[in-house]
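Each remark here refers to the structure printed beneath this line.
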Amino acid sequence: MKEMFLRSSWLLGREATEQLNNKKVALFGVGGVGSFCLEALVRTGVGEIHIFDSDCVETTNLNRQIIATLDTLGEAKVEAAKKRCESINKEAKIVPFKVFYSPENSGDFDLSRYDYIIDAIDSVPSKIELILKAQELGVPIISSMGTGNKLDPTAFKIADIYKTEGCPLARSMRYELKKRGVKNLKCLYSAEKPVKPQNGKVGSAVFVTGTAGLVIASEVIKDLLDK
């Protein structure tokens, strides 16, 4: 076992830490939530992670995305994320896909090869399609609900989508999933009532998006080890 994972192994156990090295995870969206989630997975020893995102790093990402720095502005987010991950663990296999996952191109990707799927996408149609595909294949999936216009990082909870409250995105997702016969979905949501920004636009804070990503990562690790 590599020395960098020694302290993790003291908590998880040596065997469990080594098991993570053989796991393959798909992460859709490496923005405010996804980028922190990705880094946590890499630092905990997940051996192979495929990342999907079509965007490039912009100045407005600097306030909340761990991959966004002055040096990565203009880079594809998946490439910036890959380089950062490899600077942490050169042996981690990070496979980037510069693509926006959607109902139109979902057939291009074989989701059955993954041990776990993480949905950190903003688009409702894309989230719905990803969830339907994952459940059809029997691949565990966790979906991130809204983190915009939130200020309280302690308000995040892991729950079934039908037991969420206070999240506008979760409300929309419940409606759409129910129409499609989806009976359950593990998700992360915030029970905090959304803040109304002065300009009417969607605001975001790193201590919220970062916390969301880390909580999702902890849940994924727990599920991968079934403990």
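Hey, could you check the range 42-62 for residues that are crowded, with 18+ Cβ neighbours inside 10 Å and among the β-branched types (Val, Ile, Thr) and say which is farthest from ASN105 (Cα to Cα)? It comes out as THR44. For the range 155-163, the condition of being among the hydrophobic types (A, V, I, L, M, F, W, C) and surrounded by 19 or more Cβ atoms within 10 Å (Cβ to Cβ) holds for at least one residue.
Please tell me if LEU41 is assigned to a loop (DSSP other than H, G, I, E, B), modelled with pLDDT of 95 or more and farther than 17 Å from VAL99 by Cβ. So LEU41 does not fit the description; no.
Residue check: LYS24 meets all listed conditions (1) free of Cβ contacts under 8 Å to residues at least 40 places away in the same chain; (2) of a type in the set (Lys, Arg); (3) surrounded by fewer than 17 Cβ atoms within 10 Å (Cβ to Cβ) but one, namely (1).
Residues of the range 160-197 that are among the polar types (S, T, N, Q) and assigned to a strand (DSSP E or B): SER190 alone.
Within the range 187-203, the residues that satisfy the criterion of being surrounded by fewer than 17 Cβ atoms within 10 Å (Cβ to Cβ) and charged (D, E, K, R) are LYS193, LYS196, LYS201. Taking first residues from the range 149-166 that are free of Cβ contacts under 8 Å to residues at least 24 places away in the same chain and more than 14 Å from THR211 (Cα to Cα) and partners that are surrounded by 14 or more Cβ atoms within 10 Å (Cβ to Cβ) and of a type in the set (A, V, I, L, M, F, W, C), the Cβ contacts under 9 Å between residues at least 6 apart in sequence or on separate chains come to TYR162/LEU177; TYR162/LEU185. Flag set for VAL42, criterion: free of Cβ contacts under 8 Å to residues at least 60 places away in the same chain, in contact with a Cys (Cβ under 6 Å, 6 or more places away or on another chain) and within 30 Å of ALA16 (Cβ to Cβ). If you go through the range 181-201 one residue at a time, do you hit one that is more than 25 Å from ARG64 (Cα to Cα) and of a type in the set (A, V, I, L, M, F, W, C)? Scanning the range 181-201 turns up at least one residue that is more than 25 Å from ARG64 (Cα to Cα) and of a type in the set (A, V, I, L, M, F, W, C). Annotation: VAL78 fulfils all but one of (1) part of a helix (DSSP H, G or I); (2) surrounded by fewer than 12 Cβ atoms within 10 Å (Cβ to Cβ); the unmet one is (2).
Table: residues versus (1) crowded, with 22+ Cβ neighbours inside 10 Å; (2) part of a loop (DSSP other than H, G, I, E, B); (3) in contact (Cβ under 8 Å) with a residue 40 or more places away in the chain; (4) not polar (S, T, N, Q).
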| site | (1), (2), (3), (4) |
| --- | --- |
| ILE118 | yes, no, yes, yes |
| ILE128 | no, no, yes, yes |
| LEU132 | no, no, yes, yes |
| GLU136 | no, no, no, yes |
| VAL139 | no, yes, no, yes |
| SER143 | yes, no, yes, no |
| THR147 | yes, yes, yes, no |
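Checked against (1) among the acidic types (Asp, Glu); (2) in contact with a helix residue (DSSP H, G or I) (Cβ under 7 Å, 6 or more places away or on another chain); (3) farther than 30 Å from LYS2 by Cβ, ASP115 meets all criteria but (3).
The values are calculated or read from the model by the stated rules, or taken from the named source; none is laboratory data. Remember, predicted model here, so these are calculated numbers, not experimental data. Positions of Cβ are backbone-derived with ideal geometry, glycine not excepted, and every protein chain shown enters the neighbour counts.
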